[in-house]
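Remarks on the structure that follows.
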Amino acid sequence: MLDRVAAAPISWGICEAPGWGLQLPPRRVLGEMRDLGITATELGALGWLPTESDALKAMLGEFGLSLVGGFVPLVLHRADLRDQLVHDATTAARTLADGGGRHFVTAVVSSHTAWERPVVTAGEWATLFEGLALVDEICREHGLVQVLHPHVDTLIETAAELDRFLDHSAVQFCLDTGHLFIGGADPVVLAAKYFDRIGLVHVKDVRGSVAQRLLNDELTLMGATQAGLFPAAGAGEAPIAATIQVLEDQGFSGWYVLEQDVALTDGEPPIGEGPVVGVRESIDYLRSLTV
């Protein structure tokens, strides 16, 4: 399993959400990934790494890394924004494919400037699922696999919204142990029941007390993240070990992307400190699992 563990730039604070905070320099982040023995990564926010094919491959190759895929926020429920959707999805797909990536990780956001959760009408749900099918076509044209990412502050966050997606779309999904746990879904049950729909796994732990404050609207997602919502793997309450066990028992052969979201707003931490410490703890936890 450890040969299929990739990193995610969000563990170093590189985030697609608007106004998230400091974005550390790519060479520092990629160098710390390499020093931890990681051999693959997700892309991070579009534009953080080079978007030109040769430059992207050269930078990843410099640190001995391959590209697993990338997280792509898209507005799918607005019929009036279809042209923009096609442009955004095609641009991201081209970058991912040119960089050697495989997974196009779709997050269904309300807008690109503010991630909110408006009431979605029946008509907008239908438009959303049509949009997912359209993105799936774009992904296939670029040799990519689309996976829908249930995620806090997106239009598919809760267990009920995930069920609606599973009932009305054939797109695969990203089993994120943390975001599913926050949304009220059981990652272990989903791993068993929908194994054939799982295209990618994000390994993320959750501190339940902070999650409850987020759900009570006492904290924003960024504020909750800074309050320790996502501790190192094994230090929270998400059922990571049990989920991985179910997946491996069924023969899962895909990637586990290790995520420990952080938001940096106090400047760049000294070399050897900061996010890399938590990522190392998460890797040590995964290494301790007997699956």
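For the range 230-259, how many residues are acidic (Asp, Glu) and either closer than 20 Å to residue 197 by Cα or free of Cβ contacts under 8 Å to residues at least 24 places away in the same chain (or both)? Qualifying residue count, the range 230-259: 2. Counting only residues that are in a loop (DSSP other than H, G, I, E, B), under 23 Å from residue 95 (Cα atoms) and touching a residue at least 40 places away in the same chain (Cβ under 8 Å), how many does the range 143-153 have? Looking only at that region, the number is 4. Among the residues of the range 21-58, those that are farther than 24 Å from residue 112 by Cα, assigned to a loop (DSSP other than H, G, I, E, B) and in contact with a strand residue (DSSP E or B) (Cβ under 7 Å, 6 or more places away or on another chain) comprise 38, 39.
The conditions of being in contact with a helix residue (DSSP H, G or I) (Cβ under 7 Å, 6 or more places away or on another chain), among the β-branched types (Val, Ile, Thr), crowded, with 17+ Cβ neighbours inside 10 Å and in contact (Cβ under 8 Å) with a residue 24 or more places away in the chain are met by residue 262. Residues in the range 1-20 that are surrounded by fewer than 17 Cβ atoms within 10 Å (Cβ to Cβ) and either modelled with pLDDT of 95 or more or outside any helix (DSSP H, G or I) (or both): 1, 4, 18, 19.
Among the residues of the range 233-291, count how many are part of a loop (DSSP other than H, G, I, E, B) and aliphatic (A, V, I, L, M).
9
Based on what the data block shows, is residue 89 assigned to a helix (DSSP H, G or I), under 21 Å from residue 176 (Cβ atoms) and at pLDDT 95 or above? When the stated conditions are applied, residue 89 passes them. Within the range 217-228, the set of residues being part of a loop (DSSP other than H, G, I, E, B), closer than 18 Å to residue 18 by Cβ and touching a helix residue (DSSP H, G or I) at 6+ places or on another chain (Cβ under 6 Å) comprises 219 only.
Entry remark, the range 40-90: residues being under 30 Å from residue 283 (Cβ atoms) and either crowded, with 16+ Cβ neighbours inside 10 Å or without any contact (Cβ under 8 Å) to a residue 24 or more places away in the chain (or both) number 28 in total. Considering 140, 117, the condition of being assigned to a helix (DSSP H, G or I), surrounded by fewer than 19 Cβ atoms within 10 Å (Cβ to Cβ) and basic (Lys, Arg) is satisfied by 140 alone.
Here is a list of conditions, (1) closer than 20 Å to residue 185 by Cα; (2) touching a helix residue (DSSP H, G or I) at 6+ places or on another chain (Cβ under 8 Å), and residue 212 meets all of them except one; can you say which number that is? Of the numbered conditions (1) closer than 20 Å to residue 185 by Cα; (2) touching a helix residue (DSSP H, G or I) at 6+ places or on another chain (Cβ under 8 Å), the odd one out for residue 212 is (2).
Residue check: is residue 167 without any contact (Cβ under 8 Å) to a residue 60 or more places away in the chain and acidic (Asp, Glu)? Answer is yes for this residue. Note on the range 191-207: among residues that are of a type outside the set (Val, Ile, Thr), under 13 Å from residue 171 (Cβ atoms) and part of a strand (DSSP E or B), the one that is nearest to the chain's Cα centre (by Cα) is 200. Residues that are under 19 Å from the mean Cα position of the chain (by Cα) and more than 30 Å from residue 128 (Cβ to Cβ) within the range 61-82 comprise 65, 66, listed in sequence order.
The values are calculated or read from the model by the stated rules, or taken from the named source; none is laboratory data. Worth saying up front: this structure is predicted, and the values here are computed from it rather than measured. Quick reminder, even Gly has a Cβ in these numbers, built from the backbone with ideal geometry, and neighbours come from all protein chains shown.
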